[in-house]
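Q: Attaching a single structure in structure tokens format; questions to follow.
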Amino acid sequence: MTSTVPAPSTSTAEGSALQAVFLDMDGTLVDTEGFWWDAEVEVFAALGHPLDEAWRDVVVGGPMTRSAGYLIEVTGADITLPELTVLLNDRFERRIERGVPLMAGAARLLAELAAHEVPTALVSASHRRIIDRVLESLGREMFTFSVAGDEVVRTKPHPEPYLHAATRLGADPMRCAVVEDTATGVAAAEAAGCRVVAVPSVAPIAPARGRAVVGSLEEVNLAFLRTLITRMN
């Protein structure tokens, strides 16, 4: 894939500078989207309900309440949403207890942002207990703070998580770059007014105004993110 953003610019005009970078977690920084699906398959198999592979694209990138609720509805499983949420988080946490694989380019990008003291937040639909475990692999010190899906009233695809992150930093959302891997996350970031780099993990994402689409984080660096802001604002 190629980016929709032009070659890096040296422009630093007042009002156009990058103020913060917000990054999604599953499928963006860590290669865990498959872990979530495997956990869902295993939990529902134990409940006597095999999952159709076609449902994977429906639940990917969504908040736990939406994905779990959808699977209960399509399978007819006799379980409540709170009960299922606990089972899925337990199963996923067991899968990552020895660490998680980072996406290509993730460690390098985080190190570059930290070296240049760019305010950086992890913004995920995953629950706090999962984020805290994954931060052991990513490095908690790489982030100014993190926002979990169970810490906001409305999680992705609603813009609240990204608006919350921008407000916490006192940043203008239009001067914040967001890195996401799913349509759900992209919708949340764009609804908040942020500029987005999409790195599709499971389903394709089309380029659009204010959005760059790349093949991997290897194509993203600080200059690229600064250009995203200056050229799109």
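Q: Quickly run through region 20-44 and pick out the residues that are more than 12 Å from residue 88 (Cα to Cα), in a helix (DSSP H, G or I) and small (Gly, Ala, Ser). Give the steps one after another, and end with the answer.
A: Here is the first cut: in region 20-44, the residues more than 12 Å from residue 88 (Cα to Cα) are 20-34.
Keeping just the survivors that are in a helix (DSSP H, G or I) gives 33-34.
The answer is 34, and nothing else.
Q: Tally time: how many residues in region 188-210 are farther than 13 Å from residue 228 by Cα and under 11 Å from the mean Cα position of the chain (by Cα)?
A: Here the count works out to 5.
Q: Kindly indicate whether residue 228 is open to solvent by less than 30 Å² (accessible area, probe 1.4 Å), within 16 Å of the chain's Cα centre (by Cα) and either without any contact (Cβ under 8 Å) to a residue 24 or more places away in the chain or over 24 Å from residue 65 (Cα atoms) (or both). Lay out the reasoning, then the answer.
A: Working: open to solvent by less than 30 Å² (accessible area, probe 1.4 Å): yes; within 16 Å of the chain's Cα centre (by Cα): no; either without any contact (Cβ under 8 Å) to a residue 24 or more places away in the chain or over 24 Å from residue 65 (Cα atoms) (or both): yes.
Spelling it out, it is not the case that residue 228 is open to solvent by less than 30 Å² (accessible area, probe 1.4 Å), within 16 Å of the chain's Cα centre (by Cα) and either without any contact (Cβ under 8 Å) to a residue 24 or more places away in the chain or over 24 Å from residue 65 (Cα atoms) (or both).
Q: Considering only residues that are open to solvent by 20 Å² or more (accessible area, probe 1.4 Å) and under 23 Å from residue 121 (Cβ atoms), which ones fall in region 25-49? So that I can check it myself, show each step before the final result.
A: Taking region 25-49 and keeping what is open to solvent by 20 Å² or more (accessible area, probe 1.4 Å), we get 31, 33-36, 38, 41-42, 45-49.
Residues satisfying the conditions are 31, 33, 35, 36.
Q: Is there a residue being open to solvent by 30 Å² or more (accessible area, probe 1.4 Å), closer than 23 Å to residue 35 by Cβ and touching a Lys or Arg at 6+ places or on another chain (Cβ under 8 Å) anywhere in region 105-116?
A: Initially, region 105-116 is screened for residues open to solvent by 30 Å² or more (accessible area, probe 1.4 Å), giving 107-108, 111-112, 114-116.
Pick out the ones that are also closer than 23 Å to residue 35 by Cβ and you get 107-108.
Those left that are additionally touching a Lys or Arg at 6+ places or on another chain (Cβ under 8 Å): none.
No.
Q: Can you tell me which residues in region 21-66 are over 15 Å from the mean Cα position of the chain (by Cα) and of a type in the set (Gly, Ala, Ser)?
A: If the condition is that a residue be over 15 Å from the mean Cα position of the chain (by Cα) and of a type in the set (Gly, Ala, Ser), then 39, 45, 46, 48, 54 are the ones that fit.
Q: Looking at region 183-195, can you tell me whether even one residue there is among the aliphatic types (A, V, I, L, M), assigned to a loop (DSSP other than H, G, I, E, B) and open to solvent by less than 30 Å² (accessible area, probe 1.4 Å)? Outline the logic, then answer.
A: Pass one, region 183-195, residues among the aliphatic types (A, V, I, L, M): 183, 186-189, 191-192.
Okay, now just the ones that are also assigned to a loop (DSSP other than H, G, I, E, B), so 192.
Narrowing the set further to residues that are open to solvent by less than 30 Å² (accessible area, probe 1.4 Å) leaves 192.
Yes, that holds for at least one residue.
Q: Moving to a separate point now. Quick one: would you say residue 97 is among the acidic types (Asp, Glu), assigned to a helix (DSSP H, G or I), over 19 Å from residue 47 (Cα atoms) and in contact (Cβ under 8 Å) with a residue 24 or more places away in the chain?
A: Details: among the acidic types (Asp, Glu): yes; assigned to a helix (DSSP H, G or I): no; over 19 Å from residue 47 (Cα atoms): yes; in contact (Cβ under 8 Å) with a residue 24 or more places away in the chain: yes.
Answer is no for this residue.
Q: Looking only at region 169-182, count every residue that is assigned to a helix (DSSP H, G or I), open to solvent by less than 40 Å² (accessible area, probe 1.4 Å) and touching a residue at least 40 places away in the same chain (Cβ under 8 Å) and tell me the total.
A: Initially, region 169-182 is screened for residues assigned to a helix (DSSP H, G or I), giving 169, 173-175.
With open to solvent by less than 40 Å² (accessible area, probe 1.4 Å) added as a condition, the list becomes 173.
From the residues that got through so far, the ones that are touching a residue at least 40 places away in the same chain (Cβ under 8 Å) too are none.
Final tally of qualifying residues: 0.
The values are calculated or read from the model by the stated rules, or taken from the named source; none is laboratory data. A quick note: this is a predicted structure, and the numbers were derived from the prediction, not measured. Don't worry about glycine lacking a Cβ; one is built from the backbone with ideal geometry, like all the others, and counts go over all protein chains shown. Areas reflect the complete protein model, heavy atoms only, side chains present, ligands, DNA and RNA absent. Shrake-Rupley method; radii C 1.70, N 1.55, O 1.52, S 1.80 Å.
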